[in-house]
Structure formats: C-alpha cells, structure tokens
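Shown next, in structure tokens, is the structure this report addresses.
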Amino acid sequence: MTKQELRKSMKAALAELEPVAKAFESMSKAAAIIQSEIFKKSRCIFGFMPMKDEVDVLPVLRSGLQQGKKILIPKIIDGTNEMDFYFLTDEPNSQTEKNSWGIYEPKAELEKCILDELLAEVKADEILVLVPGLAFGKDNSRLGRGKGFYDRFLTELKVKACAKGNAKPWLCGICYNVQVVTSVPSEETDVKVDVVI
C-alpha cells in the first residue's frame, strides 16, 4: 500500500469513529500519558492543538501547565512546510486562534521557542514531544499528512539535542487504536517515534 492509499483509508476509518468512543479513547490516552514516568520527569512538552480527527491532548497540556512545565504548540510558517513552536502560559483555548485551514495556532503575542536556548536550559531527556500522525506502524514508524512538518522539526530537534550530549528527547506518537497498522511505507527522511500511545 502506498502512502497516499494508506492516508485515504485512514481518513475513511477515522470518519467512521463514533464521537462518544473517540472521547472515551482520548480521555484514556491522555490519562496514560499524564500517569507515565516520562511525563512525570519531563520539564518541557511539545504538544499540539488537536484537529477533529486527532486524539484530544489538551488535558496533557493543561496538566503540564499546572505542574509548571514548559508547554509549546506549533505554528506553521507562512508559505513553507516548516513550523515554529510557541510557549503557552495559560489555558490553551484562550491563547490560540484558527488559521486559514481551521487549525488552532498560538496567538502572535506568545514567545517563540529558540531550540538552542531551550536545550541550554533543559536536558534533552526531559523533553517530551507529542507527535500526531495519520497512521503509526507497530515498529513505531509514522505516516503524517504529507507535508513533512514534523519530520523536519523532529530531525532538527534530535540533531541539536545530540550536539548537546548523548541524551535524546522522548518522541511519543499519539493516535486512536484504529490508526495503528502493521507497517507504514517510509523513506529515509521519515522519523520514527519512541513509543505509540
């Protein structure tokens, strides 16, 4: 199966999920992350504002904020396939606004993350990255939406973290059970996660 075929079948499978079942699964996955040792020892969490077909990770972001962790969410850089991350300081819904694709992004007044500065303050293994995807393989491979936003960002983060020492950030794929498949077609530039919730 090609990436395009898998994307098409995943979008169809997600469209068939019942709202109540999705909400229940989202709650259990968010709780699993919050109760994990990785979350407890993390000082910095790269999250995202969930789209309607993604697991709701807002409880994780809110819990991190309450515990004084650094919480970041992405914003697409106009006209590119790249993104920057910005620090949240308060309730995510009050610090975001919809972009032209209907995705919630950080408001302009929030502070942009400079990776080199962050890695000077926080050890790489104290960083947890929640990674969305359309599908994940049982080997922790990931299929994104096709623009390469996360592959570029995760590669940069890993390279810069390695330059600071041998520790690495925790990459946590998060998805509904229906999105886990035996394997995902992948290329050299595709970044695997460390664990899939």
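The values are calculated or read from the model by the stated rules, or taken from the named source; none is laboratory data. This is a predicted model, so every value here is computed, not measured. Positions of Cβ are generated from backbone atoms using ideal geometry, with glycine treated the same way; all protein chains shown enter the neighbour counts. Quick note on the areas: whole protein, heavy atoms, side chains included, nothing else; ligands and nucleic acids left out. Shrake-Rupley method; radii C 1.70, N 1.55, O 1.52, S 1.80 Å.
Are any residues in segment 83-122 closer than 30 Å to C162 by Cβ and surrounded by fewer than 15 Cβ atoms within 10 Å (Cβ to Cβ), and if so, which ones? Correct list: T89, E111, K112, I114, D116, E117, A120, E121. Residues of segment 183-197 that are over 23 Å from I33 (Cα atoms) and in contact (Cβ under 8 Å) with a residue 60 or more places away in the chain: V184, P185. Show the residue pairs that are 6+ apart or on different chains and have beta-carbon atoms under 8 Å apart, the first residue being within segment 123-152 and within 11 Å of D190 (Cα to Cα) and charged (D, E, K, R), the second being open to solvent by less than 10 Å² (accessible area, probe 1.4 Å) and assigned to a strand (DSSP E or B). Listed by first residue and then by second, the contacts come to R142/V131; R142/A135; R142/F136; R142/G173.
Which one is surrounded by the fewest Cβ atoms within 10 Å (Cβ to Cβ) among residues in segment 1-28 that are closer than 17 Å to G173 by Cβ and of a type in the set (G, A, S)? The residue in question is S28. Taking segment 138-189 as the range and being open to solvent by 30 Å² or more (accessible area, probe 1.4 Å), of a type outside the set (G, A, S) and part of a loop (DSSP other than H, G, I, E, B) as the test, the residues that pass are K138, D139, N140, R145, K147, N166, K168, T182, P185, E187, E188, T189. Being open to solvent by less than 90 Å² (accessible area, probe 1.4 Å), touching a residue at least 24 places away in the same chain (Cβ under 8 Å), on the phi < 0 side of the Ramachandran plot and not in a helix (DSSP H, G or I) is a description that applies to K75. Among the residues of segment 29-47, those identified as part of a helix (DSSP H, G or I) and open to solvent by 60 Å² or more (accessible area, probe 1.4 Å) are E37, K40, K41.
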